[in-house]
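One structure is given below, encoded as structure tokens.
The values are calculated or read from the model by the stated rules, or taken from the named source; none is laboratory data. As the structure is a prediction and not an experimental result, all values here were calculated from the model. With ideal geometry, Cβ positions are generated from the backbone for all residues, glycine too; neighbour counts draw on all protein chains shown.
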Amino acid sequence: MEKRNLRKERIGVVSSSKMEKSIVVAEVKRVKHPMYGKFVLKTKKYVAHDEKNDCNEGDTVRIMETKPMSKSKRWRLVEILERAK
């Protein structure tokens, strides 16, 4: 039995769900500035595959790395952690 490689997982907030079966997830990280020491917010956006089209903007989700599905989609939705209020 083959072992699958460990896949990267990210937790972020859905910033766009206007596409069909696709969502844009924004991951915000706090990183310390190397010289000044101030914490800066860095945002990274991922396009993920949402098979059932059940995500809405503002939802907190977990996404997992997967094989390329299109030009920009390399992630898929694993679960919705928290719905938007």
Quick check: anything in segment 15-27 without any contact (Cβ under 8 Å) to a residue 40 or more places away in the chain and in contact with a Ser or Thr (Cβ under 6 Å, 6 or more places away or on another chain)?
yes
Restricting attention to segment 32-59, which residues are among the hydroxyl-bearing types (Ser, Thr, Tyr) and surrounded by fewer than 15 Cβ atoms within 10 Å (Cβ to Cβ)?
36, 43
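Quick one: in segment 67-85, which of the residues that are part of a loop (DSSP other than H, G, I, E, B) and hydrophobic (A, V, I, L, M, F, W, C) is surrounded by the fewest Cβ atoms within 10 Å (Cβ to Cβ)?
Among those that are part of a loop (DSSP other than H, G, I, E, B) and hydrophobic (A, V, I, L, M, F, W, C), it is 84.
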Cβ pairs under 9 Å, 6+ apart or interchain, first in segment 53-66 and among the charged types (D, E, K, R) and in a loop (DSSP other than H, G, I, E, B), second modelled with pLDDT under 95 and loosely packed, with under 15 Cβ neighbours inside 10 Å, ordered by first then second residue, are 57/84; 59/84
Pick from segment 1-44 the residues that are in a strand (DSSP E or B) and polar (S, T, N, Q): which of them is farthest from residue 59 (Cα to Cα)?
43
